Each structure stands twice: as structure tokens, then as C-alpha cells.
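The values are calculated or read from the model by the stated rules, or taken from the named source; none is laboratory data. Please read all numbers here as calculations on a predicted model, not as lab measurements. Note: ideal-geometry Cβ built from the backbone for every residue, glycine included; neighbour counts use all protein chains shown. The protein model used for the area step is the full one, side chains on, heavy atoms only, and it has no ligands, DNA or RNA in it. Shrake-Rupley method; radii C 1.70, N 1.55, O 1.52, S 1.80 Å.
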Amino acid sequence: MALVDVKGVSKRFGGLTAVSEVDLSVNAGEVHCLIGPNGAGKSTLFKLIVGLYPPTTGSIFFDSVEITAERPYARVQRGMSIKMQAPSVFKELPVRQNIQIALQERLSGAERVAEEERLLALLNLADDGGKLAGALSHGQQQWLEIGMALALRPQLLLLDEPTAGMSPEETYKTGELIKSFNAEGMTVLVVEHDMAFVRQVAQRVTVLHLGKIFARGSLEAILEDQKVAEIYLGKTHAH
Amino acid sequence: MLKLLDGPQTLGRGRIFWSCFLAVLAGALIYPVFADSYDVGNFAYFLIWIFMALGLCLMWGYGGMLSFGQTFFFGIAGYGYGVLAINMGGGTATIAALVLSVVIAMIAAGILGYFMIWGGISGIFFGIVTLSATLVLAFFLGQTAGPEWHIGPARLNGFNGMKGMDPLTVGDFDIEGSALYYVMIALIVIVYIALRMLVNSSVGNVIVATRENPQRAEMLGYDVRKYQLLTFVIGSGLAGLSGALYTSWGQFITPSSIGLPAAAMPIVWVAFSGRNDLTATLVGSFLLLFGFQTITVYSQQAALVLMGVLLLATVMLAPQGFVLGIGKLVVDWWSRRRRRDEGPALADAGRLQSDET
Amino acid sequence: MYSGRLIGMALLGAMLGTAPIGSARAAEPPLKVGLLEDVSGDLAFMGMPKLHGSQLAVEEINKSGGILGRQIELIHLDPQGDNARYQEFGRRLLNRDKVDVLIGGITSASREALRPIVDRTTTPYFYTNQYEGGVCDASMISMGAVPEQQFSTLIPWMVQKFGKKVYVIAADYNFGQISAEWNRKIMKDLGGEVVGEEFIPLGVSQFAQTIQNIQKAKPDWLLTINVGAAQDSFFEQAAAANLNLPMGSSIKIMLGFEHKRFKPPALNNMHATANWFEEIDTPEANDFKKRWHAKFPDELYINDMGYNAYNALYMYKALVEKAKSTKLEDMRKVIASGDACIDAPEGKVCIDPKSQHTSHRMRLISVGPKHEVTVEKDYGTIQPYWLGEIGCDLTKKNDKDQYTPSHLPSKS
Amino acid sequence: MPTDRILEVSGLWAGYGATPILQGVSMQVSRGEIVGVIGRNGVGKSTLMRCLIGLLQSWRGTITFMDQDVTQLEADARARAGFGYIPQGRDVFPQMSVEENLQVGELIGGPDGKKLPELVYQYFPRLKERRRQIAGTMSGGEQQQLAIGRALIGNPSLMILDEPSEGIQPSIVQHICEALKSFRSELGTTIIFVEQNLDTILEIAQRCYIMEKGKITRSLAGEEVNEDNVRAQLLL
Amino acid sequence: MSAELFSVFYQFADVFAFLILSAAGLAIVFGMMGVINMAHGEFIMCGAYVTVGLVNLGVPLPIAQILAALTAGIIGMIVEFLIVRRFYKRPLDSLLATWGLSLIVTQSMLLIVGSAVRGIGTPEGSFAIGGYTFSTYRLVLFGAAVAVLAGLYIIFMKTRFGVVARATMQNAAMAKALGARTGRIYSISFGIGTALAGLCGALYAPTMTLIPTMGATFVVESFVTVVIGGANVLLGTAPAAVFLAIIRMALNASYGQIIGQIGMLFAVILIIRVLPEGLSSVLVRRGR
């Protein structure tokens, strides 16, 4: 059953149509990857789902409840959580406090401290808890933000390019982390360029191209689809 | 609970800081024994203003909301105290008048804050709306000279100001001079400690997170507007506390305490001191109030020039604020002495903002 | 335990804080005069002559042997036009410097800021401006002229000379509103008509609308009690619009010397009643002006406030010497006897026992097209009678209140 | 060849805050070349471009342009020295018309620049049609043409493009590729570009630098610039 | 009736001129650099004093006014060089710095020049329509306000500098990468802004009392005009001035100046509530 249902959603900015008539449903419990060349509208779609943009047309459902008009915080309280494309951690605050802010609604006291430690260790940031988040490397900031998103224990985790700026090993570890959370029942929707990563985590894939759904299906099917490879590599002229 | 006293949001922690704090407090407590009674009263007078500075520090430094109209709430509570104290009669009722007038200021802040924060007003526009509000109040009160402007027996009395209210009184004992000084010290300590605990608590976490990146904070499930409103109401309540105390101190308040020059003062104090830290604001505001008074007494006409130079020099040489700048120097020096190898990660070398979308 | 110590400390502090201070004085210490005048900020151009007047008087008195053989030490602080600073510095002068007398304040608000503080001491306070009148307070001695001295002379003359219809432009605060009230009262008695009243917020400098309103109302003359540098712009703008109406005022010329600050003929046909203006041509006045300009050669104009400030010190000297004491109580006995008089440059002035306001020699002056000032009429000495009439009698009761025609003492 | 060298970068370090992104980049470009810089996301390609034009000051290393050391020059001085920059996301001035956007570009060319709008319109006739349109209301492809035209109008010796095909209809990408090749053949413009689009790379690049983790690790030249090699870099 | 109609226009023109002339300089500095120049009033004062000084030296008024505006512009550029340019990345600090500057300037003027300076009188004459007489100079002020708007339109829309300046305003880094000397553009813009402040002072000098704190009478009006106008000078400030002038004029005429002033501030609060980024956010069709 679908946890997220995007129905006929479009978004226009001035003369630009970033997302056009998109239908997308993400099933509960799956890891769903959204791929497509740069500028396909993936990040915009994410922002529409979490409520940072109001859609120009269409409606969005979460857990069968319409949330099109809800503010972002209310959607987060319903159980979604996002890591943005560019790392958006609280740069002037220490790493540990970043995690704390994400955790404090769910846990308190010793439990919270324990969870904090666990997350920091999980994110390879155990030694950097006192550093200002802004002083971390790009990749570390990505992790920190993933950690903040995870700290909410969401039903649905949205990750926008989680591995940009990471080494292959780090990317792999990130993938395993996501899989482990998925195994515990978390639904994940990922935007990613890195095909190795997609292979590692994806159960279903949707391809977005020029603001429209281009193809969808299992990873194998998508990878074998010649047309997908072509648009992804910019080869299609068939328009 | 006490753990909240020390936290990432406040500079100065650990035994050394608190020893200094206690030493200063002890010094402040025995000060009247040695000092001239005038100086004690004068110090108490400086302390009156510090609540407004602390409130603005919370709103601006921690919450990222620069209000240019803290005097709006100062005025509401100041006049509120006068009206209530006159209407409720003197004596112990003045204490109730003080509390009520602060509550009224907080209600006003709740209304204005809801109007602004839910309307998505931020940055400089936030400043202009609050400034407009305070100017409207000042203009309005300025033209209430006629006898028809009264609330009960309390006449607003226009530009010449409202007077005739009792000072804070318990029974027959007027809280003035040294007594006022001790009340002020007690209130300052309570407010300072309470604010420290607030900013280091989970609520404080959300307040600073909202300042840093409101979108991210909202994406963690916080309705940031509620936290902003809370910050605004607390900060404004403290401005109100200053206002009510000011009226009680001089048994007098005029619209010029609400107008433009008065409105700029709290910003100057906080910016000078270092808006990012409560301790710096506390110390800096006191020093600045003391300094401005001293300059005015001794340099006569050059006073305003010197104040201008002081401000200009502060922003140009110590952009984080004068006291905070010095405080950080001291802290850095200490930590360098103690752990020579662990460099503080505060210095960000000329970060260039990315201009990409 | 902690709070217990705090209370202990508080009690200790309170006891020490209220301990008696300074009993025996050395033989001839100077008399301390505390002065609060704005010499920076908006009102500096008025405050400066006040400071000068005080300095001149102190220098002269000291040269001639001081008061009761004691020299005067003038302690001046600049409150910068800020009411809170007035209170701060008022306390400083009274409690720390322990001045024998407090003088100063420009706006009524600054005076009202000082009064509650002065009232809790036994120090006399001299207010040296002409003002809207009505303060009935035993601690305060008013040296300036009040409405009954100015309006009850000016308005009948204006009505007689120019007609019964007046338009009032007043600063929108207590002075303006109370003065307008006085005008209404007097006009009613005279059977005149107030065809328009306009209250201008302080700081407003643009008057096109006002000028048009005046033209619409077609008055015979204007009562201009607008205040402050910004509002003074009215005259220039009215002249530019060729409004060309006779004007009367209780504060123009003698106080803000608008005829010196504006290019003629902006102030043409302005009439005012004053106890002092620099153009007074009597031997006493000329002598005074000579001394003043010798000490302050750059003074643009010796205004009424500066003159009153000068007089205040001589009045203080007279009171102390007659009472042979610097105590307010003793000085008030002299006032009560009706014998508190000095020979001022304007003529003889005395303090009225009931209200502690000063009688003045009032003259009606007119400004011509080249801004020359002529005396139209000399009213002789006029008493500040109004407070006494409505029931203020400081020899009997200290009201500590300010009355207006619409706020009279309760009959009790 | 060395005499023909237009750009030489050696040992370049740069980054944001305290984080190094470029960790010793070296590259050389000769006059009239079209050189691609390829690599995965986040390896620092855009940072390198920003560093070349001077919007990001380098920490260490040198940039030599036409035998002049430009490392210390600000972006505007470099632009006047002959750099033309087309950023990722295009960054047209959204509230100004097409014509006005081009006028800003004229700055680089100095007074001579005045002659060039016609040249731009010749390559991008679409822009002429839309001369008066407000740039922010145009489609992505049109904005990209405008951004290139805006750089071209200053008659740059070296054009730096950051992902010119991003989010653009393939037909327009094709048109842009043709235009870029003509700049080289007709105007002698040297071009450096960052790209993820396989077709675009294969179509225009004569050489490619491959970037990994803040460093140039390899270069592909001539026959090496083929589908297999490039695809491997793009998909990992 | 036509006299009444003319008088309504005259009143509107008068308030409009005041708002435009006092706000234009501030708007440019705010719009271009995001800097709130708290010393704006002091540049106005500077223009007024220089005008009066020059007229007293025998310079004809219009020339004195132009020279005064230039002087304010040059001083502005010096101030930009010495102080303001350090704060482009810290706009709130620029507010403090310029406020400090304003304190220094006001009080220094008082100390150096003295408290009050003798006025120079309003030139031109007056004319009568119906039962009213009007000052011709007020219409000159209105003409000047319109001319300032026209001049700004030409500078920013029709000149090369203007195109580059607007580009810098929209995206400074990109403009720089296209060869714009952004530092110089900021400096010139600040100079234009302060020159316009100086012009305001110069134009109003004959009609006002000159004291060192005279700038304060312009400050509130100019700030609210700029803020409700939003960041775009041309598209925001002029309609904001029209809007405020209508409100103020109507309230002044019907209920007196105090309600006019309070009403204007209320209007400001309400407008910002409805349009949190000012009027120009509606008028500019935002791309992207």
C-alpha cells in the first residue's frame, strides 16, 4: 500500500515548468530511487512532497491523508523526514547539538544521550561532537544531516543526493546504513546520481526527465531499458 | 535542572566561571556597605534597563529577530504600572501592579508577534513594523494632555508624562535606594539564571536552530513560528519589566521613553556588548550605561560625539561586540594555556558565500 | 540558606544606606548650585543661553562677595533633552553633590520629571521658563511668565486691533493644548470666535495643509504656539505662500528669536507679550545686555529663558540673604511675607506667596517687515494671579499638582 | 605547443570555510582547444570553474592566463583579461530583459563590445526574437543561450561553461553544441567545460580531464575520448 | 470647485515631493547594497547647511543647491570608502556604524557651527487660485521630485552604468564574473544616494529652520517609504510614496496632522503584513 501518493502535481516557476503532471506512489517499506539527469525536477518534487513549495496543481497524500496544504512541520510530525540536496545543518552550532535538536522531541535524559552517542558513532562523527557543524567537510555535513533526518525515526525518509561528495567506501557505508533502517521498516525515497549506490539500495526506481515521469519499475528493468540509458546519458533526440 | 546552567548556548562555564560569577555577586551584595547611597541608587537604576537588554539579546542574538521597538512594550508596561498603581492604591498593591503590567506587555507582544510572525515578516521588515508600533504609541500618548485622557483617577497627561504613582512598596516600606538595589540584584540574578536555563534547554535549542536555519528547523518537525512567538513574548515581557520598574523608580514616565531615540538605545547596548551571549549583554549593557552616564557628566557637549566614536569603533574593531570580543579573547587564552594543542574552531577564514541557486 | 544571607545583607545595606550623612559644615564652604540645561540635542539652541545666563549671574555674584559671604559653585550637567537623564542627573545633583538649590529644565516634561524627585528633598527648585502655568508645588519657584500674564494681555489687544476671529496653531502636547485652552477661555469672555484649532505633532516640519486650512477658515489673526525648530518652519512656509495674517504668540521672538533666525519678512506682523526681549531699551536692560555680550560675544540673542535663568540666581541670593538661611523652609517664610523681590533688568519682580510664581513687567511687542521690534504697549507689572484665584495657596497647603482651566483643584 | 598555451593551472588548492575542495589541481589548455572536465558529483568540478574565473580565491597554487599570472586578480579583472563564464544554473539576471543581460556582458569587450549583439543573435536567433523579454520568464534552454551569449558578447579568449546541458531539451543542447563548435572554428575561442551529458561530451570535447576527489587524476585525448571511457567516468 | 481640486492636487504633490525627495537616496543605498544608512538624515542636513552657507557667500540658490548635492555625494563616497564598505556582508552592523556616525556628525555640527543658523528665505513667489494662495516653491519641489524619479529612471534604465548596477543588485557575483567593477559600482551608488539626500536638504533648506538635528524630521518618513517600497527603488519607492501621500493627505485634511501621522504608520504595518517584502515584490514579476 502506498505511503506517499503524488497525484498530478505540477510546479511552475515563472516561465519554467520544473515538475509537470507527475504521479508517483511510494509503497510502505520500500527503498524507492528517483533518478534522472540534472535538472529533471527531482529536488523540486522532493520539496513539493515535504511542503517547502506549494504545488501549482495536483495533490499529495501521506498515509492516505491529503497533506497538500499542510505546512512542512506538520508533515514531519506525521512521520516524514528529509535530507536536503545541499547540506543544511546548523553551521554555527556544535555537531552534537545538531543531533540533539533532532532527537529531543523523541527522547530525553539518559536515553537521549545514549542515542546521541550511538548516532554519532554510526555517522563516524564520535570525535567531532564538539566541533561546529560548519567546520566539518562536505561529506561529513552530509552524514550529519542524514543523522538528523534519521534521528526523527521517520516512517518515510527522503534523501536528496545523500552521497554527493563522499568516497566510494563512504557511499557504500551510507547505503548499508539506509538498508539497515529499511530493514527495521522505514520507507526511503532517494534521489541519487550514483548508479552503484542505486544498485546497492533500490528496490524500485522512477526515472524523471524534464519534469515528467519517464519510466518506472524494478531496478533491473530500468537498467535494461535502452531509452532510460539514453536520456540519462543525454542521448535521446527523439522528441 | 542545574545542568541547564551550562550549555552550548552560553559562554563561560565550569568552576572558574561560576567562581567569578559568585565573586561578582558577592561584591555586588556588599557594595552598598562601602558605597555612597547615591551610587547604590544609581547602580540600581542601571540595572533597571538591563532586563530590556537581556530580552533583546534573547530575541536578536538567540532568536535572530531584531526588534526595533522594544520600547513599545517598555511603554505599555511603564504606563500600565502607573495606571494600575494609581487605580489599585499604593502599598503592597504596587507589587501586583508590577506583575500585571508585565503580563499586559506580554499579551501585547503575543498579539503583535502573532500578527508579524504568522504573516511571515522577517529581517529588516520585522524591525520596521516594531518601530512603527512604538512610534504610533508615542504619538498617541503625546497628544493625551487633556483631562479627558484618563483611566480611573490616572491621567495620561500627554507629553509631560504620567506621574503620581507610588514606587514599589511592601506594606509601608518603600523599595528605594539600597532596598531597590537588592531587589534589582535579586531580579537580575533570577532572570539571568532563568534565561541561561531557557537557552540551554531543548526550547533554547529550537530557538537557536530557528535563527541558524528556520527551514531546517521546520523540517525537524518544529513549528518554528510558535518558538519565535515564545521568544518574542519573553523578550518583550522583559522590556515590559524594565518599563514598569522604570516608572516605579522615577514615579514618572513620558512618551519620550517610547519614541525614536529611546527605541534605538537597547539595540546599541546589545550590539555593543555582543548579542550572541547573555553574560556579555549583562556585563556590556551595565558598562555602557555607566560609561555613557560618566561621559555625559564629565565631557558635557562632547558626550554624544564620544558615544558615536565608541559605537563606530566597536563595530569596526570588534564586530562580535565589545564585551564578547574581550570575553572570547580571555576564553581562548585560557583554553590555549590549558590545552595547547586543541585549537578552537571558531575562526572561519573569510568564508565566501556560494552564489549559486 | 542562600536567601537568608541575602536578606541579612539587604538589611545591613538598608541600615547603612539610610545612615545620616554629613552633619557639621566647614566655616565657609561654597554654596552649590545644581544646573540642568540641555546644551546638546534638539533644544541646544535654547539651552545654551540658559547656561550662559546662569554662568554670568554666578560670576557677578561671586565677584561681589557671594551669598552670605559664601561663593557659589555652579555644577552643570547636560541632560541632552532626555527626560530619563533629567531624573538621573536630578538625583545625582540632589543626593550625591547635595546641591543647595536646583535650577533648570526646558520643556514642561523635564520639569515634571524633576518635581517628584525634588519633592522628596528639602531643596528648592527654580524653573526658569515661561510655561503653560498651573504648577502648585511648594518646592518649586517659577521665574518665567505664565498664561494669565501673557494671554490676558495679548489676546484682548489682538482682538481689538485685528478682529474677533482667531485660528490657533499649537504644538500637540501639554503646553500647546493648555495654552489653546486659555485662548478659548479668554476669547469666550471677549465674545470672540476660535475659527480653527490645529494641533501639530512635535517634529513635523511641513505645513502646506495647515496653511490651506487657515485660508479656508478665514481668521482675522493667528495664534502661533507651535514649538521647536521643526515647527518653526511654519513661518517661512506661510510667508512663501503669502498667507499674510497678523500673528500673536506667547513664545515667539523673546524665546526662540525667530526674527533673528528667519529671513525677513517671515515674522512680519508678529505680536507677543513678554517680560523680556533683547530689544528692551532701558538703562538697566542695556547695562545687562552689555555685560552679557561682553562675556558671550557670540550670543545670537539673549532670549527670555536665558534672562530668567540669570534672574533666578539673583532671586535665590535675595531669598537666602533675607532668610539668612539656605533652607527651603526659611526661604518660604520670606516668600510668604511677600517680600521676595529683586530689581531685575526688566524692572522690579516679586514672588507671589500663594503660587510661588513671579510677577512680571509685561510689554507687548510687534515685529515689522524688516524684523525690527517695537514696543506697542507697556502693561506694567502683572501678577501671576490665576493659581491663587482657583484656590492654590502654598502658604497653607502643598498641592504638588498642576492645574489647568479644565482641571481645577477639588473643592475640599 | 607550449607557445600556444592559453591557460596553465598548477597545484591549485581551494575550498569553502576550512574544508578543502580542490586539493592540488593542475591542468593546461592550449589556444583553440575544447576541453571537458568530467567526474562524479561533488569532486569539485564546479569549484574548479569558480576558482578559474576568480569567484573563489585559491589558497595555494597559480593560474597563468596568456602568460600573465592572474592568481591574485579578482573575477572582474579576469573577465576583462579575456575570461568568459557561464555558471551552472545559468544565473541570468532574472529581472532584466535579454538585451540588458547582453549589455552587462558588453563590459568585458569595452567599447568594441557594442558591435557584438548582432553576432550573438546570429548564433542564437531565438534571443533576437525575445530581445525585450524579461530573462526570468524564459525557458531553461533560452536562458542557457542567453548566458552563453552574454559571455560571448565580451569576445572572450577563454570560455568556461559549467554544465551547459543541465535540464535542457536535447534539441537545444544540440544547437548549443553546434554554436560552441562554431565559436572555436570561427572566432578562435578556447573552451573549458564541465559536463555530465555523455552526448555533449563526445560531441564537442577534444580532450577530457578526469577529476576525482579534488584532483585531476587522468586525461583523455583524441581516440581516448570515446563512449566507453566517458561512460565509465559518469556512472562509476 | 477647480480651486478645491487644485488644492487637493497641491497637497498631494507636497506630501509626495517630501516623501520622494527624502526617501530616494535611502532607497538607492538600501536597494543596491542592502545597507540601512542611519546617517541619511545627516546627509540631508549637510545638503541644507552647504546650501545656506553658499547662498550667504553670494552664490545663486540653484547653483548652491547643486553644489550642496555634489558635496553630500562626495562626502558619501568618502564615508563609503572609510566605513560602509566593510559592512556589505554585515548589514546590521552597518546600521550601528552609520548610527554612530550620525551621532558624531550631529553633535560636531552643533559644536562647530553652533545651534541655529539664519535661514535664507524661500525664493519664487506665490500665486492665488480661488480663495487660496500657494507658494510657487512648493511646486518647484514637486517638479524636483518628479525630476529625481525621471533622472533615476534614466540613470538606471538607460545608461550602461545603470544596467550594470541593476545586474550587480540582482547577482553581484555573476556581474563581477562578467567584468563589472562591483566595488566601484557600490561606491558610486552610495555617492548617488547621499547626493540625493544632500539634494533633499538643499531643496528644503529655504523652507525650514536649520539646526544640526534637522535630518531627524525626514528620517521616519523616508524609512517607511523605502521599506514598504521594498528593495526595488524604481518600482517600489515611487508607488509607495504615492500610496502614503494619498493616505497622509486624506487623513491630514480630514482629521489633522496627528491622525495623519499615526494613520500613515498604521498603513505601513498593514502593508508589510500583507506584503512581507514590500510593494515591489508584487510589481516585479519574479523570474525563477
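A few comments on the model shown:
- Some residue of the stretch C:380-389 being surrounded by fewer than 15 Cβ atoms within 10 Å (Cβ to Cβ) and under 16 Å from C:THR282 (Cα atoms): yes
- Scanning the stretch E:204-214 for residues that are open to solvent by 10 Å² or more (accessible area, probe 1.4 Å) and of a type in the set (A, V, I, L, M) turns up just one, E:ILE211.
- The residues of the stretch D:66-80 that are open to solvent by 10 Å² or more (accessible area, probe 1.4 Å), free of Cβ contacts under 8 Å to residues at least 24 places away in the same chain and at the interface with chain E (Cβ under 9 Å from one of its Cβ atoms), listed by number, are D:GLU74, D:ASP76, D:ALA77.
- Summed over the stretch C:184-231, residues that are acidic (Asp, Glu) and either within 19 Å of B:GLN143 (Cα to Cα) or without any contact (Cβ under 8 Å) to a residue 12 or more places away in the chain (or both) total 3.
- Residues of the stretch C:42-81 that are open to solvent by less than 20 Å² (accessible area, probe 1.4 Å) and either more than 14 Å from chain E (Cβ to nearest Cβ) or part of a loop (DSSP other than H, G, I, E, B) (or both): C:GLY53, C:SER54, C:LEU56, C:ALA57, C:VAL58, C:ILE61, C:GLY66, C:ILE67, C:ILE72, C:LEU77, C:ASP78, C:PRO79.
Residue-by-condition table, conditions (1) more than 18 Å from E:LEU265 (Cα to Cα); (2) away from chain C (no Cβ under 14 Å); (3) crowded, with 16+ Cβ neighbours inside 10 Å:
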{"position": "B:ILE86", "(1), (2), (3)": "yes, no, yes"}
{"position": "B:GLY89", "(1), (2), (3)": "yes, yes, no"}
{"position": "B:VAL99", "(1), (2), (3)": "yes, yes, no"}
{"position": "B:TYR114", "(1), (2), (3)": "yes, yes, no"}
{"position": "B:TRP118", "(1), (2), (3)": "yes, yes, no"}
{"position": "B:LEU135", "(1), (2), (3)": "no, no, yes"}
{"position": "B:ALA138", "(1), (2), (3)": "no, no, yes"}
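- Residue ID - farthest from the chain's Cα centre (by Cα), chosen from residues in the stretch C:127-179 that are within 14 Å of chain B (Cβ to nearest Cβ), in a helix (DSSP H, G or I) and not aliphatic (A, V, I, L, M): C:GLN177
- Filter pass, B:ILE48 being crowded, with 19+ Cβ neighbours inside 10 Å, under 23 Å from B:GLN251 (Cβ atoms), within 14 Å of chain C (Cβ to nearest Cβ) and more than 16 Å from the chain's Cα centre (by Cα): no
- From A:GLU224, A:GLU230, residue being more than 28 Å from A:LEU125 (Cβ to Cβ) and either at pLDDT 85 or above or more than 12 Å from every other protein chain (Cβ to nearest Cβ) (or both): A:GLU224
- Flag if B:ASN213 is among the polar types (S, T, N, Q), away from chain C (no Cβ under 13 Å), out of contact with any Leu (no Cβ under 8 Å at 6 or more places or on another chain) and open to solvent by 10 Å² or more (accessible area, probe 1.4 Å): yes
- Note on the stretch E:124-143: among residues that are assigned to a loop (DSSP other than H, G, I, E, B) and open to solvent by 40 Å² or more (accessible area, probe 1.4 Å), the one that is farthest from the other protein chains (Cβ to nearest Cβ) is E:GLY130.
- Subset of the stretch A:69-98 (residues that are closer than 23 Å to A:GLN142 by Cβ, free of Cβ contacts under 8 Å to residues at least 40 places away in the same chain and out of contact with any Asp or Glu (no Cβ under 7 Å at 6 or more places or on another chain)): A:ARG75, A:ALA86, A:PRO94, A:GLN97
- Identification of helices (runs of 4 or more DSSP H) wholly contained in the stretch E:1-85 with 3 or more residues that are at positive phi and surrounded by fewer than 24 Cβ atoms within 10 Å (Cβ to Cβ) yields no element.
- Residue match in the stretch A:128-135 (condition: under 30 Å from D:PRO170 (Cα atoms) and within 14 Å of chain D (Cβ to nearest Cβ)): no
- Matching option when the condition is assigned to a helix (DSSP H, G or I) and of a type in the set (Asp, Glu), among A:GLU105, A:GLU92, A:GLU115: A:GLU115
- A:THR17 vs. criteria buried (at least 20 other Cβ atoms within 10 Å of the Cβ), within 14 Å of chain D (Cβ to nearest Cβ) and more than 13 Å from B:MET219 (Cβ to Cβ): no
- Selected residue (criterion: least open to solvent (accessible area, probe 1.4 Å)) from residues of the stretch C:194-221 that are more than 7 Å from chain E (Cβ to nearest Cβ), touching a strand residue (DSSP E or B) at 6+ places or on another chain (Cβ under 7 Å) and among the aliphatic types (A, V, I, L, M): C:ILE214
- Taking the stretch D:116-196 and the helices (runs of 4 or more DSSP H) fully enclosed by it, the elements with 3 or more residues that are open to solvent by 10 Å² or more (accessible area, probe 1.4 Å) and within 8 Å of another protein chain (Cβ to nearest Cβ) are at D:170-182.
- Test: C:GLN87 is within 12 Å of chain E (Cβ to nearest Cβ) and within 18 Å of B:LEU289 (Cβ to Cβ): no
- Index of the failed condition, E:PHE243 passing every other in (1) within 18 Å of E:SER280 (Cβ to Cβ); (2) facing another protein chain (nearest Cβ under 9 Å): (2)
- Among the residues of the stretch E:153-184, those identified as open to solvent by 10 Å² or more (accessible area, probe 1.4 Å) and touching a residue at least 40 places away in the same chain (Cβ under 8 Å) are E:TYR153, E:PHE156, E:MET157, E:MET169, E:GLY183.
- Among the residues of the stretch C:336-364, the ones that are surrounded by 23 or more Cβ atoms within 10 Å (Cβ to Cβ) and β-branched (Val, Ile, Thr) come to 2 in all.
- Residues of the stretch C:342-387 satisfying the condition of being among the acidic types (Asp, Glu), in contact (Cβ under 8 Å) with a residue 40 or more places away in the chain and more than 20 Å from C:ALA272 (Cβ to Cβ): C:ASP343
- Selection status of E:ILE120, surrounded by fewer than 16 Cβ atoms within 10 Å (Cβ to Cβ), closer than 21 Å to E:ILE211 by Cα and either at pLDDT below 95 or in contact with a strand residue (DSSP E or B) (Cβ under 8 Å, 6 or more places away or on another chain) (or both): no
- E:LEU235 fulfils the conditions (1) more than 14 Å from chain C (Cβ to nearest Cβ); (2) among the hydrophobic types (A, V, I, L, M, F, W, C); (3) buried (at least 23 other Cβ atoms within 10 Å of the Cβ); (4) under 19 Å from the mean Cα position of the chain (by Cα) except for a single criterion, (3).
- Per the listing B:VAL297, B:VAL315, B:VAL305, B:VAL323, the residue uniquely surrounded by 19 or more Cβ atoms within 10 Å (Cβ to Cβ) and away from chain E (no Cβ under 14 Å) is B:VAL323.
- Among the conditions (1) farther than 20 Å from D:ILE191 by Cβ; (2) in contact (Cβ under 8 Å) with a residue 60 or more places away in the chain; (3) in a loop (DSSP other than H, G, I, E, B), D:GLY32 misses just one, which is (1).
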